[in-house]
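The values are calculated or read from the model by the stated rules, or taken from the named source; none is laboratory data. Please read all numbers here as calculations on a predicted model, not as lab measurements. Glycine also receives a Cβ, built like all others from the backbone with ideal geometry; neighbour counts cover every protein chain displayed.
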Amino acid sequence: MIDVLVAGGGYVGLSLAVALKTAAPHLSVELVDGAPAEAWKRDERASALVAAARNLLDVLGVWDQIAPEAEPIRRMVITDSRTADPVRPVFLTFEGTGSEGDSSPFAHMVPNRAVTGSLLAAAERLALPVHWSTSAVDFSTGPHATEVRLSSGEIVQARLLVACDGVRSKLRDIAGIKTVRWDYGQSGIVTMVEHERPHEGTAEEHFLPSGPFATLPMTGNRSSLVWTERTEDANRLVEGDDLVFEEELERRFGHKLGALKTVGGRRAFPLGLTLARSFVAPRFALAGDAAHGIHPISGQGLNLGFKDVAALAETIVEADRLGLDIGSLAVLERYETWRRFDTFRMGVTTDVLTRLFSNDITPVRLVRDLGLGIVDRLPGLKSFFIRQAEGLAGKGQPRMLIGQPI
């Protein structure tokens, strides 16, 4: 019997397994993932890592490996206009320094491959078994262990099964955990562009009638794009002619950074809201997108997953140190209490923002632009929002999020 089986080898599953082995080396932890071993190298996406997530990765000893590929966000600019408008007025700006009074940026843009690769290297150093091309396909829970059937036919017994298998989690369904879910009718187009002039660390979010168009700074003269369109339009753009795609891209990106060139592939991901009604069951826990999938309008999806990791790892390790059963519902409910309100709040926030900004209703535009302008003129309120964005707001944060080991 092993102590913890983690199902899902993305950054959430990997960071959880690494966090457990780092804090409690005596625990037997294994990870399974249905993807091939090299699949993570094909991930061309990039993500915004806020200060709290950076602290966690530093505690795990992997931030130094990620840092050379990380681009600090030095400034955030928010505009609201129609695609054809000749001028895009700026309604809100944030300077990129955090709320701790030093020059540390509140977020960095990092390639997903850099995060996953560094965590895999840490898993190897810790002799943590990672089984690729092997997924958890079924499980049954007994009084002392969960019996998990793998796609290889092997049966594994674990004191705790953690599902990090994505927003369409099969393990969540097997556990009988219901979700609140709806589709926005939008898809996010993800691609990378090169441009002639430097971005100077500026991230921009243009609120357009079809949804937000975000340009996010990467190392060199490159930017990562998260481009929201109605799903049928997004599919047409991704699957269509390169020239049409680049023309539509240029209409939204503008000419401020000179000539543009797309690099790598382009993909569209359907956008919706998914919130699990419960995060735990006896000897079973959800983390990352399996527990919550939100709209990328706030750039917080990955960071919510790292918050789950910090809270669940601390819950498990502290229970083990006290001699408690790490898979018992009484122990796991502490994790759920820790994370559920924050997740629900972020889900509601992104849902309201999506509905508020993904339209072209004139009275609504006037109200939202007035609100952005008011925030821009109140330094105290801007500092509050930065603190929230960093993931450091509130008391009783898990220790790894504030840079302390468990």
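Structure notes:
The rows are residues; the columns are (1) over 30 Å from Ala158 (Cα atoms); (2) hydrophobic (A, V, I, L, M, F, W, C); (3) buried (at least 20 other Cβ atoms within 10 Å of the Cβ); (4) at pLDDT 90 or above.
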site: Gly288; (1), (2), (3), (4): no, no, yes, yes
site: Gly293; (1), (2), (3), (4): no, no, yes, yes
site: Ser298; (1), (2), (3), (4): yes, no, no, no
site: Gly305; (1), (2), (3), (4): no, no, yes, yes
site: Leu312; (1), (2), (3), (4): no, yes, yes, yes
site: Glu318; (1), (2), (3), (4): no, no, no, yes
site: Val348; (1), (2), (3), (4): yes, yes, no, no
site: Leu353; (1), (2), (3), (4): yes, yes, no, no
site: Asp369; (1), (2), (3), (4): yes, no, no, no
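Condition check ((1) under 30 Å from Gln65 (Cα atoms); (2) among the aliphatic types (A, V, I, L, M); (3) out of contact with any strand residue (DSSP E or B) (no Cβ under 7 Å at 6 or more places or on another chain)) across all residues:
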position: Ala122; (1), (2), (3): yes, yes, yes
position: Ala145; (1), (2), (3): no, yes, no
position: Leu161; (1), (2), (3): yes, yes, no
position: Cys164; (1), (2), (3): yes, no, no
position: Val190; (1), (2), (3): yes, yes, no
position: Arg197; (1), (2), (3): yes, no, yes
position: His206; (1), (2), (3): no, no, no
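- Boolean, Asp58 is free of Cβ contacts under 8 Å to residues at least 24 places away in the same chain, closer than 17 Å to Gly403 by Cβ and not in a strand (DSSP E or B): no
- Among the residues of the stretch 147-191, just one is within 17 Å of Pro282 (Cα to Cα), surrounded by fewer than 24 Cβ atoms within 10 Å (Cβ to Cβ) and touching a Gly at 6+ places or on another chain (Cβ under 7 Å), namely Arg159.
- Here Asp308 meets each of (1) in a strand (DSSP E or B); (2) under 24 Å from Trp63 (Cβ atoms) with one exception, condition (1).
- Of all residues in the stretch 315-337, none satisfies being under 14 Å from Leu16 (Cβ atoms) and either of a type in the set (Lys, Arg) or assigned to a strand (DSSP E or B) (or both).
- Residues of the stretch 19-36 satisfying the condition of being within 16 Å of Val6 (Cα to Cα), surrounded by fewer than 24 Cβ atoms within 10 Å (Cβ to Cβ) and touching a Phe, Trp or Tyr at 6+ places or on another chain (Cβ under 9 Å): Gly34, Ala35
- Residues that are on the phi > 0 side of the Ramachandran plot and not charged (D, E, K, R), drawn from the stretch 200-215: Gly201, Gly211
- Taken as a whole, the condition of being surrounded by fewer than 16 Cβ atoms within 10 Å (Cβ to Cβ), within 29 Å of Ala287 (Cβ to Cβ) and at pLDDT 70 or above does not apply to Gly327.
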